[in-house]
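Data first, discussion second: the structure below is written as C-alpha cells.
The values are calculated or read from the model by the stated rules, or taken from the named source; none is laboratory data. Only a predicted model underlies this, so the values are computations on that prediction, with no experimental measurement involved. Please note: Cβ atoms are built from the backbone with ideal geometry, for glycine as well, and neighbour counts cover all protein chains shown. Note: accessible area is taken over every heavy atom of the protein model, side chains too, but ligands, DNA and RNA are not part of it. Shrake-Rupley method; radii C 1.70, N 1.55, O 1.52, S 1.80 Å.
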Amino acid sequence: MIKPPRNTYGYRNLLVYKKAEELQLALADFVKNFPKEKTLAALADQMERSARSAKQNIIEGWKRNSTSEYYQFLGYAVASNAELEADCMDICKGLYESKGLK
C-alpha cells in the first residue's frame, strides 16, 4: 500500500524524533569525557553511532513509501536504542572501571 503524500519533514514534529535528537546530543556530551583508552574510544564511537542510528532510522522510515516500511525502520530505531541502553547498563555495572571509566 502506498502512503498518501505528506509533509516531507513532518518527522521533525514527532515526539520520538525530538527525543532521539535530544538523546544523540546528550550522548555526544557524555562520551566526550571518556578516557582516551582504545577500548573506551571504541565504546564511545559505538554509543554515538547507536544514538545517531536511532534518529536516522526515524527519518529514513518517514521517507519510505509504505506504512510497513515505516514500521520496519521504527523497529530499527528501537533496536539501536536497545543497543545504546545495554552499553549504558554495562557502564553502570562497572564493566569498564578497570579502563578508567566510572
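When the accessible area of the chain is computed with all protein chains present and a 1.4 Å probe, what percentage of it is carbon and sulfur?
About 56 percent, which is the carbon plus sulfur part of the accessible surface.
Per DSSP H run of n ≥ 4, the term is -39500 (n - 2.57); total these for the chain, divide by its residue number, and report the mean residue ellipticity at 222 nm rounded to 500 deg cm²/dmol.
-23500 deg cm²/dmol
To the nearest 10 degrees, how steeply does helix 67-92 sit against the main Cα axis of the chain, on a 0 to 90 scale?
The answer is roughly 10 degrees.
Please compute the contact order of the chain in relative form: average sequence separation of alpha-carbon pairs under 8 Å and at least six residues apart, divided by the residue count, as a percent.
Relative CO of the chain lands at 29 percent.
Show me the chymotrypsin sites (Phe, Trp or Tyr not before Pro) within the chain that DSSP assigns to loop and that have at most 11 other Cβ atoms within 10 Å of their Cβ.
On the way: sites: Y9, Y11, Y17, F30, W62, Y70, Y71, F73, Y76, Y96; in loops: Y9, Y96.
The qualifying sites are Y9.
How compact is the chain by the rule of thumb for globular proteins, expressed as Cα Rg over 2.2 N^0.38 Å? Provide the component values of the computation, followed by the final result.
Numbers: Rg = 16.1 Å, N = 102, 2.2 N^0.38 = 12.8 Å.
For the chain, the normalised Cα radius of gyration comes out at 1.27.
Looking only at the range 42-59, which residues have a backbone nitrogen under 20 Å from a spot 7 Å from the Cα of Y9 in the C-beta direction?
Within reach of a label on Y9, which here means backbone N under 20 Å from a point 7 Å along Cα→Cβ, the range 42-59 contributes 55-59.
Cβ under 12 Å from A42's Cβ, A42 left aside: what net charge do those residues give with Lys, Arg +1 and Asp, Glu -1?
Once all neighbours under 12 Å are counted, the net charge is 0.
Can you give me the solvent accessible area of L23 with a 1.4 Å probe, rounded to the nearest 10 Å²?
70
Find the lysine pairs in the chain meeting two conditions, Cα atoms under 23 Å apart and a separation of 8 or more places or different chains, and report how many there are.
Counting lysine pairs in the chain gives 21.
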